[in-house]
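Asks: Sharing a structure with you now.
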Amino acid sequence: MVTLIHTLADHSNDVNYCAFSSSCLATCSLDKTIRVYSLNNFTELPYSPLKGHTYAVHCCCFSPSGHVLASCSTDGTTMVWDTHDGRMLAVLEQPSGSPVRVCRFSPESTYLVSGAADGSVVLWNMQSLKLYRLGNVKDGSLVACAFSPNGSFFVTGSSCGDLTIWDDKMRCLYNEKAHDLGVTCCDISSQLISDGGHGFRYFQMASCGQDNQIKLWLILFADFLGVELKYKCTLNGHSAPVLACAFSYDGQMLVSGSVDKCVIIYETSTGNTLHTLSQHTRYVTTCAFAPCSPLLATGSMDKTVNIWQFDLKQPCAGNTVENESKVAVEDWSEDDVSAWLCAQDLADFVGLFKMNNIDGKELLNLTKESLTNELKIESLGLRSKVLQKIEELRMKMISVSVTIPDEFLCPITRELMKDPVIAADGYSYEKEAMENWISNKRQSSPMTNLPLHSLMLTPNRTLKMAISRWLETQQK
């Protein structure tokens, strides 16, 4: 069942695109603005709308972390915004000055692709915010783009109907005539699938076009075989050109929007239609699934964005706390790991972890080296965040499975201390917990309630070493 729970009607012209992060929804429009909403209550963030483009905004997308938003426009630029405060971080000008129709971040935020009406494709280095590679499709305007979950390649779609596969060096690996009247959109599922019992695993891609069709494809990417694109099937249901498509984060559903004003949700394994939504009064131009909640957004030329809630269970919508309590982490399935990633605000790694078959046991064995060399996570900040969350998970496992000596627990949080400090009352506390206690203008002891004669906190290195030795004995 799918229920319409909210309608956003803030744009003054056609809505061209919408995109989710784990906490926000961004929408862009012919009215030259980008609007950003909180998923908590769908209220617009204080810095919204974002204004800077001088013509229609065609596309917007969040970086994997959700900290950065990109938007592109008829004005020939792709703008990069800070999602914390709405600051404009960069204006990336398409070398040809041609209208930019689509933009996409790579899975690790290393690159940003921008595609333009003259067929130019630019790969921007997001660290330097400089042009890294430039290419061109052979015919038509570039109107669609999607990255593989591992970032090893991306696909573009053109108005002449071609799908082109590129590697991260902007080398053209494959080209296929997919839709006779032109491609309008494409998306790649984060869920890998097996095919034909040959031992290969494939990325699944959907493309839609002016021919009223949605086509499903299988992409095999292997160093020793190169790239193989195989047609799988065609999904029918729309009676007019299909303008948008998107996979759910578990790959089990595909949503599409059309000139016929309808939104159709398909089951990808069977191709069956699950739901048809027909509340929009004009062309449906965009649709997107949220990564960590059972939400779907659809945007239209009727100037509105509809927010839908569905009760079909996705891994990201699962109850991670319940899973953790009932199933040992070592016994987690890949779906359990996906749910955990979403709960830790790491939803953008779901596809990468699934592709590498990371279950609970593999998760606990991940190291800085394996994240760098095997999973190819280039960003130091993202690697550190993943490792920190894994370490917190290990600590939680220890606290559940054994009795922790009371002197190792912070009196404030009652959790195992990682950075113990001694306060003026002579007791040891977790540093962050005690700093928060003091910052809230409490100048009394958490243990005795007597005034603290000093707010100085001294590292308790002896206790920290004792906790480390105890942890080592528990992990053997």
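Asks: What number of residues in segment 290-305 are open to solvent by 10 Å² or more (accessible area, probe 1.4 Å) and modelled with pLDDT of 95 or more?
Replies: 4
Asks: Name the residues in segment 136-193 that are over 30 Å from S379 (Cα atoms) and either touching a Phe, Trp or Tyr at 6+ places or on another chain (Cβ under 9 Å) or open to solvent by less than 40 Å² (accessible area, probe 1.4 Å) (or both), would you?
Replies: Listed by number, the residues that qualify are G140, S141, S158, C160, G161, D162, E176, A178, H179, G182, V183, T184.
Asks: Exactly one condition in (1) free of Cβ contacts under 8 Å to residues at least 60 places away in the same chain; (2) open to solvent by 10 Å² or more (accessible area, probe 1.4 Å) is false for N13; which is it?
Replies: Result: N13 fails condition (1) only.
Asks: From the list S38, S71, exactly one residue is within 23 Å of T298 (Cβ to Cβ), surrounded by fewer than 17 Cβ atoms within 10 Å (Cβ to Cβ), of a type outside the set (V, I, T) and in contact with a strand residue (DSSP E or B) (Cβ under 9 Å, 6 or more places away or on another chain). Which is it?
Replies: S38
Asks: Restricted to segment 1-10, and to residues that are more than 24 Å from the chain's Cα centre (by Cα) and under 16 Å from S48 (Cβ atoms), which residue is surrounded by the fewest Cβ atoms within 10 Å (Cβ to Cβ)?
Replies: A9
Asks: Same structure, new question: Note down all Cβ pairs under 6 Å where the first residue falls in segment 281-307 and is on the phi > 0 side of the Ramachandran plot, the second is in a loop (DSSP other than H, G, I, E, B), and they're at least six residues apart or on different chains.
Replies: Filtered contacts from segment 281-307: K303/H11.
Asks: Let me ask something additional. So, L243, is that one surrounded by fewer than 21 Cβ atoms within 10 Å (Cβ to Cβ), part of a strand (DSSP E or B), touching a strand residue (DSSP E or B) at 6+ places or on another chain (Cβ under 6 Å) and not charged (D, E, K, R) or not?
Replies: Taking the combined requirement at face value, the residue does not satisfy it.
Asks: List pairs: first in segment 387-406 and at pLDDT 80 or above, second open to solvent by 90 Å² or more (accessible area, probe 1.4 Å), Cβ under 7 Å, 6+ apart or cross-chain?
Replies: Once the first residue is at pLDDT 80 or above and sits in segment 387-406, its partners that are open to solvent by 90 Å² or more (accessible area, probe 1.4 Å) give L387/K368.
Asks: Among the strands (runs of 3 or more DSSP E) lying completely within segment 51-153, list those that include at least 2 residues that are β-branched (V, I, T).
Replies: The qualifying strands (runs of 3 or more DSSP E) are 77-82, 100-105, 120-125.
The values are calculated or read from the model by the stated rules, or taken from the named source; none is laboratory data. Since the model is a prediction, treat every value here as computed from it, not as a measurement. Positions of Cβ are backbone-derived with ideal geometry, glycine not excepted, and every protein chain shown enters the neighbour counts. These accessible areas exclude ligands, DNA and RNA; they are computed on the full protein's heavy atoms, side chains included. Shrake-Rupley method; radii C 1.70, N 1.55, O 1.52, S 1.80 Å.
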